[in-house]
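Read-outs throughout are calculated quantities, based only on the coordinates presented, and are distinct from any laboratory measurement. The structure presented is a predicted model; accordingly, all values stated were derived computationally and were not measured. Note that each Cβ is placed from the backbone with ideal geometry, even for glycine, and that neighbours are counted across all protein chains shown.
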Amino acid sequence: MDELYRQNILEHYRNPHNEGTLETYTHSHIEHNPLCGDKVQIDLLVDDQHRIDQVAFSGKGCAISQASTSMLTDMLIGKTVEEAKQIDKEAILDELGIEIGPVRLKCALLSLKAVKMALYGLSEEEWDNEEDDW
Amino acid sequence: MFNTKKIRQDFPILDQKTNNKPLIYLDSGASSQKPQTVIESMDTYYRQYNANVHRGIYQLSEKASAAYENARKKVARFINASTWRELIFTRNTTESINLVAYSWGLANIKPGDIIITTEMEHHANLVPWQQLAAQTGAMVKYIPITEQGYLDLAKYEAWLSPAVKLVAITQMSNVLGTIPPIKTMIKQAHAVGALVLLDGAQSVPHMPVDVQTLDCDFLAFSGHKMLGPTGIGALWSRKDILSAMPPFMTGGDMIKRVTLEGSTWNSLPWKFEAGTPAIAEAIGFGEAVEYLDGLGMANIRQHEIELTSYALEQLNQVEGLQIYGPQNPQDRGGAIAFTMGDIHPHDIAAVLDGEGIAIRAGHHCAMPLHDKLGLPATTRASFYIYNTAEDVDRLVEGLDKARELLTRD
């Protein structure tokens, strides 16, 4: 348990970065996790240089989902949309720095899914495809 | 080489006597026996990590979820699915076919459409299409069988037209053993825009089946006929078809989000798996295909061709015995239905039971086929990996005994 709730995760959970909503945004998406009922809303403001200017998130979720979302928002700010597309599952897990079981993985990746859906209209099926490895 | 003696040691049930005679099990076409590894895998689940899947945060549930999903991957690979998402766990072949009839069928079949199936189908691949046709105003056409037990392919080709929306055929008859030229039939069906459902209940356990090479659209099969437990089967279909299909059963685990106004569906394959699944059974099914993989499906097919060949040769010499279905072992599986004069199949089976031989008698869930043959029932011997030429010899001895006992002047 101590391993799962490491200091960096607890810090993000207690003091999440970029929490809230944006009054002016170019992209927004709400995503749910059917397994545990988590919900996350992601708002993004992308400038005309295709660079992510501002990000905010709101919603309810467990510590893992809140912390990973907080970390992800930090990663996104300043990146171009193209660069943001490159952020994958591994990048989130590296940032969390913990081993995660299949059920909690859904929690950890919920906001990444929401960002991809908001930013470039990734479909449910395309997201599933990313998990299609044997 | 195929080591039946060694294989038999993996099946604890075979080491027993029935009616004081060593058990000869010749009813694998109805349900196969299970190897130790399958039995143990289910026992281990119940003893060590029994928990519901997909929801629990705790270790037991995560272990159960991983084992359940891993079993799906094994079964999906076994038929060479391109992804595990195309493999839906059901209760059995019957449920798999009903899923297609109710979900795909009701959404796609319109009045005047034609569904082609055959006269030699098991009821599982016949009654659902009759029902679907009755509900939609479609028509079912049955490809006749020839005297030799082959499909009348000229009729099939003549019937194919753009009105045909589905061709539903067995890949191996459970009575005649007939293996139709499926690959050609699929090509012909696709040429008129029809989809093809294969009833793989008899084929998948007994020969290599590769859904990508076959290019079929649906494949239904059961775990219990291929060394797995009862209560678990599978439906395979292509992702594009499954994605477009509405759910079959609704409720828990198959949803993404539920509100009082409506619901959205879970991703494939879970969209089609409502409620707590048969977890232990799925794990046992995965173990069963692993066992079959270890032997090699091509080797299993070869073993059964040899055994069927020997059985046909021996049975053809039994006085008064008539075999139904192809005589060429290459064209058929190891299920051999026969009659012996006017002795009722139930009497034959009862005498054989006295000799320790388990064999099936009846219509084998294929009443229209028996009507066509003009018979109320047949006796059926069916072979699997643990059967030997000696089993065939014992069968022939038993049949001689039955004839002596039951022949009327």
Residue separation times 0.36 nm, minus the C-alpha to C-alpha distance between B:ALA191 and B:ASN80: what's the value?
-> 37.6 nm
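Determine the calculated [θ] at 222 nm for chain B from helices alone, applying -39500 (n - 2.57) to every DSSP H run no shorter than 4 residues and normalising by the residue count; nearest 500 deg cm²/dmol.
Values: 15 runs with 155 residues, N = 409.
Per the formula, -11000 deg cm²/dmol.
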Ascending count of other beta-carbon atoms within 10 Å, so fewest first, for B:LYS225, A:LYS79 = A:LYS79, B:LYS225
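Filter the GluC sites (Glu not before Pro) in region B:118-151 down to the DSSP loop ones having no more than 13 other Cβ atoms within 10 Å, then list what survives.
Values: sites: B:GLU119, B:GLU121, B:GLU147; in loops: B:GLU119, B:GLU121, B:GLU147.
Taking region B:118-151 and a limit of 13 other Cβ atoms within 10 Å, the loop GluC sites (Glu not before Pro) found are B:GLU147.
Just list whichever of A:LYS89/B:LYS239; B:LYS155/B:LYS401; A:LYS106/B:LYS225; B:LYS34/B:LYS110; B:LYS74/B:LYS110; B:LYS141/B:LYS225 have alpha carbons separated by over 31 Å in the model shown. Walk me through the intermediate numbers first.
Values: A:LYS89/B:LYS239 23 Å; B:LYS155/B:LYS401 42 Å; A:LYS106/B:LYS225 36 Å; B:LYS34/B:LYS110 43 Å; B:LYS74/B:LYS110 37 Å; B:LYS141/B:LYS225 28 Å.
Distance filter (> 31 Å) returns B:LYS155/B:LYS401; A:LYS106/B:LYS225; B:LYS34/B:LYS110; B:LYS74/B:LYS110.
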Any number yet on Rg/Rh for region B:47-91, C-alpha, Kirkwood?
-> 1.05
Magnitude of the Cβ-charge dipole of the protein assembly as shown, K/R +1 and D/E -1, about the Cα centre, nearest 20 debye?
-> 800
Rounded to the nearest 10 degrees, what's the angle between the helix B:279-295 long axis and the longest principal axis of chain B, both from Cα atoms, 0 to 90?
-> 60
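Using Cβ contacts closer than 10 Å as the measure, can you line up A:LEU10, B:LEU235 from fewest to most? Before the final figure, lay out the partial values.
Details: A:LEU10 12, B:LEU235 27.
Arranged by neighbour count, lowest to highest, A:LEU10, B:LEU235 become A:LEU10, B:LEU235.
Grab the beta carbon distance between A:GLU90 and B:ARG47, set R0 = 51 Å, and tell me the FRET efficiency rounded to 0.05.
My answer for the efficiency is 0.90.
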Label-zone membership for region B:74-109, site B:VAL127, 7 angstrom Cα→C-beta point, backbone N under 17 Å | B:91-102
Label-point separation (nm) for B:GLN16 and B:GLN148, each offset 7 Å from Cα along Cα-to-Cβ?
-> 4.2
For region B:39-294, evaluate the Debye formula with one uniform point scatterer on each Cα (no solvent term) and list log10 I(q)/I(0) at q = 0.08, 0.09 Å⁻¹, rounded to two decimals.
-> -0.32, -0.40
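Counting other Cβ atoms within 10 Å, which chymotrypsin sites (Phe, Trp or Tyr not before Pro) in region B:1-90 have at most 13 and lie in a DSSP loop? Each step should come with its number before you reach the end.
Working: sites: B:PHE2, B:TYR25, B:TYR45, B:TYR46, B:TYR49, B:TYR58, B:TYR68, B:PHE78, B:TRP84, B:PHE89; in loops: B:PHE2, B:TYR58.
Of the chymotrypsin sites (Phe, Trp or Tyr not before Pro), the ones in loops of region B:1-90 whose Cβ has at most 13 other Cβ atoms within 10 Å are B:TYR58.
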C-alpha long axis of helix A:63-76 to longest principal axis of chain A, angle in ° = 30
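Can you list the GluC sites (Glu not before Pro) in region B:247-289 that are in a DSSP coil and have 13 or fewer other beta carbons within 10 angstrom?
B:GLU261
Taking the number of other C-beta atoms within 10 Å as the exposure measure, put B:MET42, B:MET139, B:MET1, A:MET71 in order starting with the fewest.
On the way: B:MET42 20, B:MET139 15, B:MET1 6, A:MET71 23.
Going from sparsest to densest Cβ surroundings: B:MET1, B:MET139, B:MET42, A:MET71.
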Which residues does a label at A:THR24 reach in region A:62-81, if reach means a backbone N under 20 Å from a point 7 Å past the Cα toward the Cβ?
-> A:77-81
Which of the listed residues, B:GLN171, B:ALA201, B:ILE115, is farthest toward the dipole's positive end in region B:39-294, when Lys, Arg count +1 and Asp, Glu count -1 at the beta-carbon?
-> B:ILE115
